[in-house]
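*Asks:* Here it is, the structure in full.
The numbers here are math on the coordinates, done by the rules we state, and not lab data. No experiment lies behind these values; they were computed from the predicted model shown. Don't worry about glycine lacking a Cβ; one is built from the backbone with ideal geometry, like all the others, and counts go over all protein chains shown.
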Amino acid sequence: MDFFISFCLCGGDPQDPAVRRRCGVLSGGIGIALNMLLFLGKLLAGIVTASIAVTADAFNNLSDAASSVVTLVGFRLAGQEADEEHPFGHGRIEYLAGLAVSMLILLVGVELAKSSGEKILHPEPVTFSPLSAGILAASIVVKLWMFWFNRGLSRKIQSAALFATAADSLSDAVATGTLLLGLVAGCWLRLSLDGWLGLAVALFILRAGWGAAKDTIDPLLGRPMDPELAADIDRIVLGHEYILGIHDLVYHDYGPGRAMMSLHAEVPADGNLLEMHDVIDHIERELKAKHHIETSIHMDPVVRDGRTEGLRRQVADIARELDPALTIHDFRTTAGPIHTNVLFDVVVPYGFRLSDAEVRGELSGRVKSLSDRYFAVIQVDHSYVEGSKRA
């Protein structure tokens, strides 16, 4: 297995579209060949034993071969360069390929459940055959190898499509193992277990299909940035001169190795504009080189004199007193003859116990309690980073 994975990567970057295409094509080719062999073997075993469960399992492998075709084609298409109609590339085809594999898994599970239900209502005798048992045992070994191979490959290149394929292989191994035990038990105990075993296999396949579908639907709908990636971006950006803080980080996933991101970087209002702009350009290039992310950074000038900084800390404490999950940014003040505007953004988690309007009301009242001259102007933001507590 390590040989095949090493062959795919060839020392290349796992996020390189060419490397991913090579891995997907190899996985798909191996899947087509092995699943077709398993289909023919199990079909023979199903005919010999007259078992609906074994025959259905054979067609499950046929659908796996079709899934491998989808995977192979999907990775080849996903590796295409950006063009006039698709300026962000074709990387999301990889997610669509994984979704198609998941739908095929669910379809097989439904059909198997229907056939098993009919066998439960109208049981028929099943014949035990050493040849069939040997075919099923060999199938388990092959499917476990395919699981380990695809799981290892999916971890190396972070592929939801290959992870779905690995999950399907594991479900197949468990399903076939259940059938083999059922055939042996049915032969020795003279029990009609074929339909019930087929139903158990169907439920296991449906569960695996649903899990695989969720893993591919999430990136298509848009999911929050991985917290570890967000933490490394924080480290990179904040490690540069002039950068006082970052917020409003938004990440757009166009497929593995194809992402765009925007963020706001707080810089000193009295800093050298040309030097700060040069730093921002350098950060954008660094993020692209390390994480393959096209980044656009907006500079937010902030005043950090003693009075403003002291008030900012007071307001930050007020937000934390309302709830430890709340953070503020873009803090500034504008003084007038009658009152002082205290302007800031507050980051509120999704599903928070208070509405946005209630958060604004609570914070406005507490800021007012610091001084009758203060008038809070509050913008409510929601974090795009999973589990974020970033200021």
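*Asks:* Do any trypsin sites (Lys or Arg not before Pro) in the stretch 323-383 lie in a DSSP loop with no more than 16 other beta carbon atoms within 10 Å, and if so, which? Mind showing how you got there, number by number?
*Replies:* Working: sites: ARG332, ARG353, ARG360, ARG366, LYS368, ARG373; in loops: ARG353, ARG373.
Here the sparse-neighbourhood loop sites are ARG353, ARG373.
*Asks:* Any chance you could get the radius of gyration and Dmax over the Cα atoms of the stretch 190-323, in Å?
*Replies:* 23.9, 87
*Asks:* To continue, here is another question. In degrees, nearest 10, range 0 to 90: what is the angle between the Cα axis of helix 130-157 and the longest Cα principal axis of the chain?
*Replies:* 20
*Asks:* Count the net charge of all other residues whose Cβ sits under 13 Å from the Cβ of GLY306, scoring Lys and Arg as +1 and Asp and Glu as -1. Kindly include the intermediate steps, with their values, before the conclusion.
*Replies:* Working: positive: ARG304, ARG307, ARG312, ARG313; negative: ASP305, GLU309.
With Lys, Arg at +1 and Asp, Glu at -1, the neighbours total +2.
*Asks:* For a quick check: sort LYS42, LYS214 by the number of other beta carbons within 10 angstrom, fewest at the front. Show your work: numbers first, answer last.
*Replies:* Numbers: LYS42 27, LYS214 13.
Fewest-to-most Cβ neighbours within 10 Å comes out as LYS214, LYS42.
*Asks:* Length gain on complete extension for the stretch LEU131 to ARG207, per 0.36 nm per residue less the alpha carbon to alpha carbon distance? Don't jump to the answer; show the numbers that get you there.
*Replies:* Values: separation 76, 0.36 × 76 = 27.36 nm, distance 3.02 nm.
Net length gain for the segment: 24.3 nm.
*Asks:* A further question on this structure: What FRET efficiency comes out for the pair ALA18/SER262, r = Cβ-Cβ distance, R0 = 25 Å, nearest 0.05? It would help to have the intermediate numbers written out before the result.
*Replies:* Numbers: r = 27 Å, r/R0 = 1.09.
So the FRET efficiency works out to roughly 0.35.
*Asks:* How much length is gained on full extension from MET103 to SER371, taking 0.36 nm per residue of separation minus their Cα-Cα distance? Don't jump to the answer; show the numbers that get you there.
*Replies:* Details: separation 268, 0.36 × 268 = 96.48 nm, distance 6.05 nm.
Gain on stretching MET103 to SER371: 90.4 nm.
*Asks:* Let me ask you something else. For the chain, what is the charge dipole size about the Cα centre, in debye to the nearest 20, if Lys and Arg each add +1 at the Cβ and Asp and Glu each add -1 at the Cβ?
*Replies:* Numbers: 34 positive and 47 negative charges, 266 e Å.
In total the dipole reaches around 1280 debye.
*Asks:* Considering amide H positions built from the backbone, and no H for Pro or chain starts, which residues 5 or more places from TYR254, or on another chain, come under 5 Å of its amide H?
*Replies:* Counting only residues 5 or more places away or on other chains, the set is ALA259, MET260.
*Asks:* Quote the convex hull volume per residue of the chain, based on C-alpha atoms, as a whole number of Å³.
*Replies:* Working: hull volume 68.6 nm³, N = 391.
So the per-residue hull volume is 175 Å³.
*Asks:* As I understand it, the dipole of the chain uses +1 on the Cβ of Lys and Arg and -1 on the Cβ of Asp and Glu, about the Cα centre. Which of HIS264, HIS291, SER369 lies farthest toward its positive end?
*Replies:* HIS291
*Asks:* Let me check against my output: what whole-number percent is the relative contact order of the chain, with C-alpha pairs under 8 Å and at least 6 apart?
*Replies:* Working: 656 pairs, mean separation 53.1, N = 391.
Taking the mean separation of contacting Cα pairs over the length of the chain, I get 14 percent.
*Asks:* If R₀ is 45 angstrom, what is the calculated FRET efficiency for the pair TRP188 and ARG155, using the beta carbon separation as r and rounding to 0.05? Let's see the in-between values first.
*Replies:* Numbers: r = 41 Å, r/R0 = 0.91.
The value I calculate is 0.65.
*Asks:* Using DSSP to define loop residues, name the GluC sites (Glu not before Pro) in the stretch 307-391 whose beta-carbon has at most 16 other beta-carbon atoms within 10 Å.
*Replies:* On the way: sites: GLU309, GLU321, GLU358, GLU362, GLU386; in loops: GLU386.
Of the GluC sites (Glu not before Pro), the ones in loops of the stretch 307-391 whose Cβ has at most 16 other Cβ atoms within 10 Å are GLU386.
*Asks:* While we're here: Counting Lys and Arg as +1 and Asp and Glu as -1, each charge on the Cβ, what is the dipole of the stretch 303-391 about the Cα centre in debye, to the nearest 20? Write out the running numbers ahead of the final one.
*Replies:* Working: 13 positive and 13 negative charges, 55 e Å.
Roughly 260 debye, rounded to the nearest 20.
*Asks:* If you don't mind, there's one more thing I want to ask. If the cut-off is a Cα-Cα distance under 21 Å, which lysines reach LYS119, setting aside same-chain residues fewer than 8 apart in sequence?
*Replies:* By straight Cα distance, LYS119 reaches LYS42.
*Asks:* Does anyone have the angle between helix 17-49 and the longest principal axis of the chain? Alpha-carbon axes, 0 to 90°, nearest 10?
*Replies:* 30
*Asks:* Report the one residue of GLY46, ALA161, LEU199 whose Cα lies farthest in the direction of the positive end of the charge dipole of the chain (charges on C-beta: Lys and Arg +1, Asp and Glu -1; origin at the Cα centre).
*Replies:* GLY46
*Asks:* Another question, then. Over the chain, with a Gaussian network built from C-alpha contacts below 10 Å, which listed residue (GLU118, GLU284, GLU84) shows the highest mean-square fluctuation?
*Replies:* Maximum among the listed residues: GLU84.
*Asks:* Using a 7 Å offset from the Cα along the Cα-to-Cβ direction at both LEU44 and ILE217, what is the distance between the two label points in nm, to one decimal?
*Replies:* Distance between the two pseudo-spin positions: 4.0 nm.
*Asks:* If you fit an axis through the alpha-carbon atoms of helix 273-291 and take the longest principal axis of the Cα set of the chain, what angle between them do you get, 0 to 90°, nearest 10?
*Replies:* The two axes meet at around 10 degrees.
*Asks:* Taking the simple approach of a point 7 Å from Cα along Cα-to-Cβ for both LEU343 and HIS298, what is their distance in nm?
*Replies:* About 1.3 nm separates the two model spin labels.
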